[in-house]
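Report on the structure given below.
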Amino acid sequence: MNGHCNDTVEECHCNNGFSDLIIDTKKSAVHRKHETSRKEAEDKSRLPAIEAAYTSILRELGEDTDRQGLLRTPLRAAKAMQFLTKGYHETVDDILNNAIFDEDHDEMVIVKDIDMFSLCEHHLVPFFGKVRVCVICYCHVSMCAITLCLSVQERLTKQIAMGILEALQPKGVAVVIEAAHMCMVMRGVQKMNSRTVTSTMLGVYLEDPKTREEFLTLSQHA
Amino acid sequence: MEHPKHTQHGPGEKKDSGDGGSVLNGHFDGLVKRPAGAGTVRAAAPQPPGAESGSHRAAASSVMESWREERTRSLEDNEMSLPSIAAAYTTILRGLGEDPQRQGLLKTPWRAATAMQFFTKGYQEKIIDVLNDAIFDEDHDEMVIVKDIDMFSMCEHHLVPIFGRVHIGYLPNKRVLGLSKLARIVEIYSRRLQVQERLTKQIAVAITEALQPTGVGVVIEATHMCMVMRGVQKMNSKTVTSTMLGVFREDPKTRDEFLRLIRS
C-alpha cells in the first residue's frame, strides 16, 4: 500500500545516489504487486462506519442533516469516497497481466492526455490532470486507467513508472503528470491557474538527454 | 405563474430548485410584502443551522430570508467542532483501508477538517454584513455585468467539489452595488453545501433584495466532480444554470444582450 513508498522516501533522503532510489522504489513495487490493502468484498461492511462519520461531519459543520438534500448524503459521500480510493483493491499485476504482447517495435510509444483523478492525502481534496507516458520496449501494452488512491503527486508519478518498468522491462520509461490541486485552488493560497508538474525518467530516458528531449517535444506537441 | 406558497413534500429532488422560484421571478411586489410568518416559520424549524439553504418549507420564504438570516456558525463554533470532525475523518481513513498513523496521513484528519470548514465558510457570513456599505446612488440605467467570477462549491449530495464561473448582470434602478460585492455574494453562497440551481437563485435574489434593480440575470457554468470523477465519469460535461428576474425575464432583447455580452 502507499505506506511502503513512504519508507523509501525517507531512505532516499539518506542515499543521494539516483540508482539507489530506483532500487528502493523497486522494493516497494514488489510488495505492491501481490497485496491489496483493501478487499472489494469488505467495502460494503465498512460503509456504515464511514457513513456515520460523514453524518457527524455534517452536523459539526452546522448543517441540518434532516433536510431533504442531505438525507442520504452520508451514504452517497461514503460510496463516493470508496470509489475515489478504489485503487486500493487493484494490483498492477491484475491490470496489466493479460495485455502484454511481443512486438518487434523499438521506437518510442507515447500515450498522452490520460485523464487522471486522485485524492490529495494531506487534505482529502481532489487533484486532477493529465498524464503522459512514454515507453521504449519490445512489446506493446494496452495502457490502462490510472488507479485511484490517496496520493501525493510525486509518489504517483514514480509508482506509475515503476509499475510499467516491472511489467515490461523496457529500455526506458518516462512519466509526466501535470495536475491542478484543488487544495491549492479552492483553499489555502487560492491560486486558480497554478499547475504542478512532476516527472519520472527511468532507463534510457534518464541516461540519454536526446531521448528525453524527443519525448518532451513529441508529448507537448498539441 | 402562480405556485402555492406552502409546498407539501412533492416528488423528486427538484423541489428546492424549480418550484418556489417562479413565485419570485418577476413578481417584485411579492418580495416587498414579505410574510410576517417568515420569522415564525424559521422558529419552527427543527434546527436553525443551515435551514436557509433548501428547506422543505415554501422555497419563497426560505430564499427571501437570505437577507435577514442569522449567522449560523461562528469562529468559536469552528474551533469547538474541529476535534470531532477530525475524529470523523480518522474513522473514514480507517474505513477506506488506510493506516492513519503513516507519515503522510498523520495530520490529515485535522487538515481535512479545517479544509471542510473552509469550504463551508459561507455559513459564517451574512449578506447584510458584506453589502451594507457598498450600495451607492447613481443615475445609471444601463446594464452592469461582472463575468467570469470563479466559483467553488461543494455538492451537497456527494460532498465533492463543484467549480466553475458565475456571470452576473443587472439593470440598476438608481442604486448600484460595489463591483467586488457581487463576487462576495457569490462567495457567501457558494462556500456551502449546495445544489447549482439553488445557488444561482440565491445570488439573484440577494442582489434583487439589496438593490431593487429593474432586473437581474445570473448564469453559472460549472463542472461537477461528482460527475467527472465518479458515476458517469464524463470528463468534459458542464452544467449551466441561469436565473432571470425582472426585465431580464420579461424582455427577450435585454436577456439576449446580457447573454451575448457574457459570451464575448
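FYI, it's all coordinate maths here, none of it is from the lab. Everything numeric in this text was worked out from a predicted model, so none of it was measured. Glycine also receives a Cβ, built like all others from the backbone with ideal geometry; neighbour counts cover every protein chain displayed.
Please average, across the residues of B:114-121, the number of beta carbons from any other chain that are within 10 Å of each residue's own beta carbon, and give a whole number.
The shielding value for this peptide is 5.
Taking 14 Å as the cut-off, the amide N atoms of the range B:90-125 that come nearer than this to a point 7 Å along the Cα-to-beta-carbon line of A:A49 belong to B:90-101.
Placing pseudo-labels 7 Å out from each Cα toward the beta carbon at B:F136 and A:R72 gives an inter-label distance of 5.0 nm. Take each residue in A:123-130, count the other chain C-beta atoms within 10 Å of its C-beta, and the mean is 5. Put a plus charge on the Cβ of each Lys and Arg, a minus charge on the Cβ of each Asp and Glu, and nothing anywhere else: the dipole of the range B:188-264 about its Cα centre is then about 380 debye. Per-residue 3J(HN,Hα) values for the range B:233-242, derived from phi via the Karplus relation 6.51 cos²θ - 1.76 cosθ + 1.60 with θ = phi - 60°, read 6, 9, 4, 9, 6, 10, 10, 10, 10, 9 Hz in sequence order (x marks Gly and Pro).
Please compute the average number of Cβ atoms from other chains found within 10 Å of each residue's Cβ in peptide A:78-84.
Going residue by residue through A:78-84 and averaging, the value is 6.
Distance between the pseudo-spin-label points of A:M192 and B:K253 (7 Å out from Cα toward the beta carbon): 3.3 nm. By other beta-carbon atoms within 10 Å, ranking A:F83, A:F117, A:F127 with the fewest at the front produces A:F83, A:F117, A:F127. Exposure proxy shown here: for B:L82, B:L159, the number of other Cβ atoms within 10 Å sets the order, fewest to most, as B:L82, B:L159.
Could the peptides B:234-246, B:205-217 be put in order, highest first, of the mean number of other beta-carbon atoms found within 10 Å of their residues?
Working: B:234-246: 16.2, B:205-217: 22.3.
Those peptides, ordered most packed to least, come out B:205-217, B:234-246.
Prolate is the label for the range B:130-264, because a/c, from the alpha-carbon gyration tensor with a ≥ b ≥ c as root eigenvalues, is 1.5 or above and a/b exceeds b/c.
In the range A:180-207, whose amide N lies under 14 Å from the spot 7 Å out along Cα-to-Cβ of B:A183? List them in ranges. Hits in the range A:180-207 for B:A183 at 14 Å: A:190-193. Maximal additional length on extending the A:E207-A:E166 stretch stands at 12.9 nm, based on 0.36 nm per residue less the C-alpha distance. Selection among B:V146, B:Q124, B:F136 by position relative to the dipole of the range B:77-163 gives B:Q124 as farthest towards the positive end (Cβ unit charges, Cα centre). Cross-link pairs exceeding 21 Å in C-alpha to C-alpha distance, out of B:K201/B:K238; B:K126/B:K238; A:K158/A:K191; A:K86/A:K158; A:K130/B:K238, comprise B:K126/B:K238; A:K158/A:K191.
Going by neighbour counts of Cβ atoms within 10 Å, the residues A:E178, B:E187, A:E60 line up, fewest first, as A:E178, B:E187, A:E60.
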